[in-house]
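The values are calculated or read from the model by the stated rules, or taken from the named source; none is laboratory data. As the structure is a prediction and not an experimental result, all values here were calculated from the model. We place every Cβ from the backbone using ideal geometry, glycine too, and count neighbours over all the protein chains shown. Side chains included, ligands, DNA and RNA excluded: accessible areas come from the protein's heavy atoms. Shrake-Rupley method; radii C 1.70, N 1.55, O 1.52, S 1.80 Å.
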Amino acid sequence: MTQYFGQYLIRQSEIFFTSELSFALVNLKPVLPGHVLVCPKRVVPRFKDLTKDEITDLWVSAQKISSIIETHFKGDSLTYAIQDGKSAGQTVEHVHIHIIPRRPKDFEENDQIYTEIEKADRKPRTYEEMAAEAAELRPYFSN
Ligand code: AMP
């Protein structure tokens with residue numbers, strides 16, 4: 001099945017989770033280790049575009065994924081973020097929840113995470129690195 005993230009065609013090797021209406025992929029430019037994205041399968045730009053079923057599926061998926069990535073990446077907390085619209089910092093026009101495992105003092109100022117989410121100047125990872133991370137996470141969700 002072909003899956004787009006906004007305008008980007010995503011390889012199956014970057015996806016580690018799928019549900020009926022949502023999928024999750026590893027990040028090209030993670031802010032911290034374990035920074036992943038959960039999206040509705042339907043490519044729509046804004047949160048207001050989602051149906052009730054899509055919202056439920058998206059957040060239930062986010063809860064399942066976050067508990068796994070918190071443990072896997074040895075965090076003790078999580079940041080969830082949605083940049084909903086251009087003025088809010090959204091760069092990919094496809095609804096996505098950022099989920100980021102957090103550790104004590106991972107940033108000097110805790111809220112610096114929001115400045116970092118905003119920045120696009122991090123070095124992109126290679127497809128091999130991304131596929132390797134997705135392959136590590138996928139087994140947690142196969143049942
Ligand atoms: P936002 O600025 O809230 O729209 O977030 C976009 C997110 O998508 C950032 O965390 C980017 O690193 C990430 N991103 C952009 N392009 C890709 C891609 N092709 N595959 C995976 N993640 C991507």
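Taking the accessible area of segment 3-141, probe 1.4 Å, and keeping the other protein chains in place, the carbon and sulfur fraction comes to 53%. Taking label points 7 Å from Cα along the Cα-to-Cβ direction, Ile82 and Glu116 give a separation of 2.3 nm.
Taking a straight Cα-Cα cut-off under 19 Å and skipping sequence neighbours fewer than 8 places away in the same chain, the lysines within cross-link reach of Lys29 are Lys86, Lys119, Lys123. Across segment 3-141, the mean sequence separation of Cα contacts (distance under 8 Å, 6 or more residues apart), normalised by length, yields a relative contact order of 32 percent.
Any number yet on Rg/Rh for the chain, C-alpha, Kirkwood? Display every interim value, and only then the final one.
Numbers: Rg = 14.3 Å, Rh = 15.4 Å.
Answer for the chain: 0.93.
Model label sites at Thr2 and Asp49, defined 7 Å from Cα along the beta-carbon direction, differ in position by 1.7 nm.
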